[in-house]
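Enquirer: Take a look at this one; I'll ask things after.
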Amino acid sequence: MLLIVGHVVRAHGIRGEVLVQPRTDEPAQRFAVGSTLLVEPTVAGLPGTLTVESARPHSGKLIVTFAEIPDRNMAELAKSAVLNVDSADVAPPEDPDEFLDHQLVGLDVVTVGGEALGKVTRIEHAPASDLLVVRMPDGRTGLIPFVSAIVPEVDVAGGRIVVDPPGGLFDL
């Protein structure tokens, strides 16, 4: 499974640098010198993988130089490219209460009483907290704040997430 770690916003300067909006909690690790990123969708004129030569912060984004992008013309081709890593290459978090998005997608969601609520389809990263986006059995979509007061148990190996939703959470 591919994990998005950033996307190219635009070319920067004349030496092939690009401005990247990171979409990862670990930009220093994902954009470290020598890191290889997969380009999606395939962009005409660009190889399918890019190797980081340098990266530095700039106004909440990163200015990145890739070995395969030698000049401004190639950098222009990269505009809007999505940068990914393979989930198999990402080590699981050391903190037992921290999860990567791809570990949660597809898990069954049940209440503490055992009632099935649906499956996690994706994770939304909202300002206040992450949200579990759940496809419910009746076809509706539910949003569950991913906080310990509402999500007391995550059992990745068992394939389920136990929630204790407050009253009215799914009434809309």
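Enquirer: Any chance you could count how many residues in the range 55-103 are of a type outside the set (Asp, Glu), outside any loop (DSSP other than H, G, I, E, B) and farther than 26 Å from LYS119 by Cβ? First the steps, then the outcome.
Expert: Pass one, the range 55-103, residues of a type outside the set (Asp, Glu): 55-67, 69-70, 72-75, 77-85, 87-88, 90-93, 96, 99-100, 102-103.
From the residues that got through so far, the ones that are outside any loop (DSSP other than H, G, I, E, B) too are 55-58, 61-66, 72-75, 77, 82-85, 87-88, 102-103.
Pick out the ones that are also farther than 26 Å from LYS119 by Cβ and you get 55-58, 61-66, 72-75, 77, 83.
Result for the range 55-103: 16.
Enquirer: In this structure, does LEU19 turn out to be at pLDDT 95 or above and in a strand (DSSP E or B)?
Expert: Taking the combined requirement at face value, the residue satisfies it.
Enquirer: Also: For LEU50, state whether it is over 30 Å from PRO137 (Cβ atoms), part of a strand (DSSP E or B) and under 14 Å from the mean Cα position of the chain (by Cα).
Expert: Working: over 30 Å from PRO137 (Cβ atoms): yes; part of a strand (DSSP E or B): yes; under 14 Å from the mean Cα position of the chain (by Cα): no.
So LEU50 does not fit the description; no.
Enquirer: Out of LEU37, LEU117, which single residue is free of Cβ contacts under 8 Å to residues at least 60 places away in the same chain and not assigned by TED's automatic domain parsing to the domain that holds GLU17? Spell out the reasoning first.
Expert: Working: LEU37 fails: not assigned by TED's automatic domain parsing to the domain that holds GLU17.
None of the others qualify; the one that does is LEU117.
Enquirer: Right, here's the next one. Report, by residue number, each residue of the range 78-101 that is surrounded by 15 or more Cβ atoms within 10 Å (Cβ to Cβ) and either touching a helix residue (DSSP H, G or I) at 6+ places or on another chain (Cβ under 7 Å) or at pLDDT 90 or above (or both).
Expert: At the first step, the residues of the range 78-101 found to be surrounded by 15 or more Cβ atoms within 10 Å (Cβ to Cβ) are 78, 81-85, 90, 99-101.
Scanning the range 78-101 gives ALA78, ALA81, VAL82, LEU83, ASN84, VAL85.
Enquirer: Quick check on my filter: what residues within the range 139-159 are within 17 Å of GLY106 (Cα to Cα) and surrounded by fewer than 17 Cβ atoms within 10 Å (Cβ to Cβ)?
Expert: GLY139, ARG140, THR141, LEU143, GLU153, ASP155, VAL156, ALA157, GLY158, GLY159 - these are the residues of the range 139-159 that are within 17 Å of GLY106 (Cα to Cα) and surrounded by fewer than 17 Cβ atoms within 10 Å (Cβ to Cβ).
Enquirer: Right, next: Give the range 10-57 a look and list any residue that's closer than 21 Å to PRO127 by Cβ and surrounded by fewer than 16 Cβ atoms within 10 Å (Cβ to Cβ), or say none.
Expert: Answer for the range 10-57, where residues must be closer than 21 Å to PRO127 by Cβ and surrounded by fewer than 16 Cβ atoms within 10 Å (Cβ to Cβ): GLN21, ASP25, GLU26, PRO57.
Enquirer: Output the residue which, of all residues in the range 104-147 that are touching a helix residue (DSSP H, G or I) at 6+ places or on another chain (Cβ under 9 Å) and part of a strand (DSSP E or B), is nearest to MET1 (Cα to Cα). Write out each step before concluding.
Expert: From the range 104-147, those touching a helix residue (DSSP H, G or I) at 6+ places or on another chain (Cβ under 9 Å) are 120, 122-123, 125, 130, 132, 146; that's our starting set.
Still in the running and part of a strand (DSSP E or B): 120, 122-123, 125, 130, 132.
Details: VAL120: 16, ARG122: 13, ILE123: 15, HIS125: 19, ASP130: 20, LEU132: 19 Å.
Ranking the qualifying residues of the range 104-147, first place goes to ARG122.
The values are calculated or read from the model by the stated rules, or taken from the named source; none is laboratory data. What you are looking at is a predicted structure, and each value in this text was computed from that prediction instead of being measured. Virtual Cβ from ideal backbone geometry, glycine too; neighbours counted across all protein chains shown.
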